[in-house]
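The values are calculated or read from the model by the stated rules, or taken from the named source; none is laboratory data. Fair warning: this is a prediction, and the values are worked out from it, not measured in the lab. Here Cβ is always computed from backbone atoms with ideal geometry, including for glycine, and neighbour counts include all displayed protein chains. Quick note on the areas: whole protein, heavy atoms, side chains included, nothing else; ligands and nucleic acids left out. Shrake-Rupley method; radii C 1.70, N 1.55, O 1.52, S 1.80 Å.
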Amino acid sequence: MALKISKIGFVTCLALATASVALASSQTANVDNIRMIAADDEPGQWMGPGRTYGEDRYSPLKLINDANVQGLSLAWYADISTNRGVEASPLMIDGVLYNIEPWNVTVAYDAKTGKELWRFDPEVDRDKGKHACCDIVTRGLSAWKGNIYIATLDGRVIAIDAETGKSVWSVETFDPVWPYTITGAPRVYDGKVVIGNAGAEGAARGYVTAYDAATGKQLWRFYTVPGDPSKPQENKILEMAAKTWSGEWWKSGGGGTVWDSIAYDPQLDLVYIGVGNGGPWPQKYRSPGGGDNLFLSSIVALKADTGEYAWHYQTTPAEEWDYTATQSMILTDLKLNGRVRKILMQAPKNGFFYILDRATGELLSAEPYVAMNWASGIDMKTGRPIVNPEAHYGEVPVMVTPGPAGGHNWHPMAYSPQTGLAYFPVTEMYMAYSVNPDFQQTPGNMSQLGISTTGYDLTRKAASDYAEKHNKTWLTAWNPVTQKEQWRVPYTQRGSGGILATAGNLVFQGTVNGTFAAYSADKGQKLWEMPTQQVPMAGPISYQIDGVQYIAVNAGWGGGLAHSTSAKSLGFPLSEFPRLLVFKLSGTAQLPAIKDKGPELVRPEETGADAAKIASGEQLYADYCSACHGERARGGIKDLRRMSPTTHEQFLDIVIRGTRKEKGMASFADLVSEQDAKAIHAYLIRRANDDWDSILKGE
């Protein structure tokens, strides 16, 4: 449902929108403010990351519906050459589908036939792969007046000519001191390209920037964490924020990156940004005297023209559990207590579902959508969580839920005005948090969490065993008015994808079972499912051409949830490469058969390393490898207990010399020595042998 404006303005916009549509035939990707505001008048288009400015990911199309979805099948597909996570939602504008792949390679297709029209490779610096906490992913792209806009992992915003695929302008966005990356989709509002960044796991100081869509000139920048108080703050509101910090936080960076969700209300002319976690994670290392640490884990409203602060709501004061507020923000109107309110809804990591007045930031309601023990509720008088003091951990591990992946992560939420329900994947997850007493801050180093995953082995094993038994995940349909779950669909493990809701009473989601599925939006009944040879994690889109409705989704396993501490196998073979999949009723395309899985697992021989060397390797692994490859090497994007003999032989070349950086594994020679790498290798071989029977069972 597109955001509404005044009646007079709406009539004017309708007339202008008609003119904009007419112009579209003479200019490729001719998206502008008027056309986006009137997006519901062009239901066959998908012109922005969430379709509308309100980011509801709801399609008014209903040619595919609950009565005929059983006839859905593949129309066409395109292989994606880099075998890493694919999290982006494409765009479809005036017959052209625009997609973005790992390493930010951008491709235009004929949306009806799948014919490739052009391909743009920004040649991202492969060494930036090691700064990406959660894979070399991107979550989308935007369009404006003939250009396609992308934000690259290595920090550039690039305008691409939508017709030719050639670069129009490019601008660098990073402060070189901190290990920033960009994984979120840029948004374009009224001629301004708005982008944040990632890097709070490296303690990077967060900010969001607006650029002129025509020229790339910087228009404004808003920092989410205050700077050195001995110097003038970049804007006045940061003087207030600085009072919520203590110690020398500006030397630690602070975190608070805006790495995903951004939304816009054209009537209020406000841009809403979701702010991430603190860096380092334990508050004692970034703000030893306590404090709320604004604007960590906050929703912040900014004036679109100037970037000036309007209001904020902090979901998790004194955050130290990686409870970001970067998850999907949806803008719509709801009738609450007999009054229609302009609201913003969000289900962030901390486990509460929030309804805010998007004009003022007033908290209207907040209720848990998942089990939690870090807080017992929200004090509606103050708007603050009622925090369990025991959740603030020290050196002894403390089991907390939700864990750092959150009750809901980046996977896009959808809202259907037809059913009045919000749809998103939920995870009940437990983790033992503890402070690393030997932590030393090193600006520019990605490993800046400040937590420990070693020591207190019996406590950690008990927590791990409990988590294995109690972790669970499902797709929820949530009623934001009653703050109650309407229905749920359980899954065997986390990793299922983002959501598309349609007027055909359908909800589409890629599943961790390697399928793409459709459920009835009102009751959650599974109506259709197709094997995809991959996990379609991205948010799907829908579009219409020549009277035919299509559903498109990127399918490629990877990203943060593939970096899971769980080692459980997916249980099915993956295709050699990820794919863009496009469906329609009575489609005739077929996926090729999966190639042979390759050689069987070979148990590695022990290296003869002594206990001290293996202990050193364990600590080095925890510091530099566990974020991508799983705690204690169990699981992860690549389970290193399952390395082939060839990979064992090439281990030093891979880690020190970066021979696989094209695949996202950059050299770590600036962080570990060759002797360190040998210690890590010895530890991994020991872990493989310790778990060999379980590995053979796919665990």
- Message: Condition first: surrounded by 15 or more Cβ atoms within 10 Å (Cβ to Cβ), among the polar types (S, T, N, Q) and free of Cβ contacts under 8 Å to residues at least 60 places away in the same chain. Now tell me which residues in the stretch 228-243 satisfy that.
- Response: Gln233
- Whichever residue in the stretch 503-538 is aliphatic (A, V, I, L, M), open to solvent by 10 Å² or more (accessible area, probe 1.4 Å) and in a strand (DSSP E or B) and, among such residues, is nearest to Phe353 (Cα to Cα): Leu527
- Flag if Tyr433 is farther than 30 Å from Asp56 by Cα, crowded, with 19+ Cβ neighbours inside 10 Å and touching a Phe, Trp or Tyr at 6+ places or on another chain (Cβ under 8 Å): yes
- Given (1) over 30 Å from Lys112 (Cβ atoms); (2) assigned to a loop (DSSP other than H, G, I, E, B); (3) modelled with pLDDT under 90; (4) out of contact with any Leu (no Cβ under 9 Å at 6 or more places or on another chain), index of the condition Gln619 fails: (2)
- Task: Taking the residues in the stretch 186-216 that are of a type in the set (D, E, K, R) and either out of contact with any strand residue (DSSP E or B) (no Cβ under 8 Å at 6 or more places or on another chain) or more than 22 Å from Thr106 (Cβ to Cβ) (or both) as candidates, determine which candidate is surrounded by the fewest Cβ atoms within 10 Å (Cβ to Cβ).
- Result: Asp190
- Unmet requirement for Arg84, which otherwise passes all of (1) out of contact with any strand residue (DSSP E or B) (no Cβ under 8 Å at 6 or more places or on another chain); (2) open to solvent by less than 40 Å² (accessible area, probe 1.4 Å); (3) in a helix (DSSP H, G or I): (3)
- Query: Within the bounds of the stretch 622-634, is there any residue that is more than 20 Å from the chain's Cα centre (by Cα), crowded, with 22+ Cβ neighbours inside 10 Å and modelled with pLDDT of 85 or more?
  - Reply: no
- Task: With the condition kept exactly as written, say whether any residue in the stretch 14-29 is crowded, with 17+ Cβ neighbours inside 10 Å, modelled with pLDDT of 50 or more and touching a Ser or Thr at 6+ places or on another chain (Cβ under 7 Å).
- Result: no
- Just one of the numbered conditions (1) surrounded by 20 or more Cβ atoms within 10 Å (Cβ to Cβ); (2) modelled with pLDDT of 95 or more is not true of Arg126; which one? (2)
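Quick grid of which residues meet (1) buried (at least 20 other Cβ atoms within 10 Å of the Cβ); (2) closer than 24 Å to Gly571 by Cβ; (3) in contact with a Gly (Cβ under 9 Å, 6 or more places away or on another chain):
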| residue | (1), (2), (3) |
| --- | --- |
| Ala612 | no, no, no |
| Thr646 | no, no, no |
| Leu652 | no, no, no |
| Arg657 | no, no, no |
| Arg660 | no, no, no |
| Phe668 | yes, no, yes |
| Glu674 | no, no, no |
| Arg687 | yes, yes, no |
- Query: Quick one: would you say Lys584 is touching a Leu at 6+ places or on another chain (Cβ under 8 Å), within 30 Å of Gln486 (Cβ to Cβ) and either of a type in the set (Lys, Arg) or exposed (fewer than 15 other Cβ atoms within 10 Å of the Cβ) (or both)?
  - Reply: yes
- Answer from Arg494, Arg488 - the residue that is basic (Lys, Arg), in contact (Cβ under 8 Å) with a residue 24 or more places away in the chain and in contact with a helix residue (DSSP H, G or I) (Cβ under 8 Å, 6 or more places away or on another chain): Arg494
- Item | Of all residues in the stretch 208-227 being over 19 Å from Ala318 (Cα atoms) and without any contact (Cβ under 8 Å) to a residue 60 or more places away in the chain, the one that is nearest to the chain's Cα centre (by Cα) | Thr209
- Query: Which number in (1) among the polar types (S, T, N, Q); (2) assigned to a loop (DSSP other than H, G, I, E, B); (3) within 27 Å of Gly85 (Cα to Cα) marks the one condition that Thr454 misses?
  - Reply: (3)
- Count - residues of the stretch 148-182 that are open to solvent by 10 Å² or more (accessible area, probe 1.4 Å) and closer than 22 Å to Asn554 by Cβ: 2
- Number of the exception - Leu500 against (1) aliphatic (A, V, I, L, M); (2) in a strand (DSSP E or B); (3) touching a Pro at 6+ places or on another chain (Cβ under 9 Å); (4) under 20 Å from Thr324 (Cα atoms): (4)
- Single residue of Arg119, Arg139 found to be modelled with pLDDT of 95 or more, open to solvent by 30 Å² or more (accessible area, probe 1.4 Å) and either out of contact with any His (no Cβ under 8 Å at 6 or more places or on another chain) or among the aliphatic types (A, V, I, L, M) (or both): Arg119
- Message: Filter the stretch 477-495 down to the residues that are open to solvent by 10 Å² or more (accessible area, probe 1.4 Å), in a loop (DSSP other than H, G, I, E, B) and in contact with a strand residue (DSSP E or B) (Cβ under 7 Å, 6 or more places away or on another chain) and list them by number.
- Response: Val481, Gln483, Gln493, Arg494
